[in-house]
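Notes follow once the structure below has been shown.
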């Protein structure tokens, strides 16, 4: 496909079931809307069910709502159980919801808010739903990261919850780096099954509500210069949609805007930071995440596939 990939390139989605987190606004809304318009049965997994119903009413197609609060593992388990009771399969799980630059605070389970919401909540949800995906050929788990994964890039195992000190940008960067490491390790574990793949995407700089917690010194310039340095949520959702639906996409691939510095533009394959491909750190993060959430993924065959220490590339 050419560089100008758009929603017109999305294959017919009739017969496919998609679950999109954080789908009542912004990138998630645009992702869910496009999938529904192409025929998918879409579940908006959102914290505020009322806002989810309002969003669903603005979409065309088979769209339903499931309450999900990623800041609470009890809510994640309840939502997963509800989805399992009403769905017999999931073709597409889009881990889109997230928070950014929040003041220091914790989730209901005591996790730092950004790490707990962006990574651990989605880790748990994926693990609890994965056995609805493994029997489905062509199913995908798509996790939305950010160019912010390069900010002071590290998984701070000595202080994952930022109890000793807190920097909102660095904590956000850790959570987005964790999203990528989760994707790459998940793909390694999925490969022996041969049915489900894990991909990742980032939206570049998109004009959404995500920056509402940014410090004023950053938020004001973002507002003033937004027309120059941001793109619409509909454009920002395209990398996610390509990672979710492009027949040529491979497990372990990462999509982002094709313009300069990946800030805006039509989606293409991109490369994440060198740190994100460190296999030993991915595996350590996985073990810690299982311990913190109490969620163990469905077992895969013992042999491991050789996921490259860099992005998979299509011919």
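Just so you know, all these numbers are worked out from the coordinates, no wet-lab data involved. Owing to the predicted nature of the structure, the values given are computational and were not obtained by experimental measurement. Cβ placement follows ideal geometry from the backbone for every residue including glycine, while neighbour counts extend to all protein chains displayed.
If R0 is taken as 22 Å, the Cβ-Cβ distance between residue 49 and residue 108 corresponds to a FRET efficiency of 0.80.
Between residue 81 and residue 296, the modelled label-to-label distance comes to 2.0 nm, taking each label 7 Å out from Cα in the direction of the beta carbon.
Taking the three principal axes of the alpha carbon atoms in the range 248-291, the coordinate ranges are 39, 23, 16 Å, sorted in descending order.
Full extension of the segment from residue 89 to residue 134, taken as 0.36 nm per residue of separation minus the current Cα-Cα distance, would add 15.3 nm.
By its C-alpha gyration tensor, with a ≥ b ≥ c as the square roots of the eigenvalues, how is the range 63-175 shaped: rounded for a/c under 1.5, else prolate for a/b larger than b/c, else oblate? It comes out prolate by the Cα gyration axes. The calculated 222 nm mean residue ellipticity attributable to helices in the chain amounts to -10000 deg cm²/dmol, summing -39500 (n - 2.57) over DSSP H runs of n ≥ 4 and dividing by all residues. Direction-averaged projected area, Cα convex hull, the range 111-210: 7.1 nm², rounded to one decimal. Every pair of different Cα atoms in the range 14-293 enters the Kirkwood calculation, which places the hydrodynamic radius at 18.5 Å. Volume of the convex hull of the range 134-193 (Cα atoms only), normalised per residue: 94 Å³.
The mean sequence separation of alpha-carbon pairs under 8 Å and at least six residues apart, normalised by the residue count of the chain, gives a relative contact order of 18 percent. What the Kirkwood sum gives for the range 107-169 is a hydrodynamic radius of 13.8 Å, with every pair of different alpha carbons counted. For the range 1-99, the pair-distance distribution built from all alpha carbon pairs, in bins 5 Å wide starting at 0, is 3, 14, 25, 24, 19, 9, 4, 2, 0 percent.
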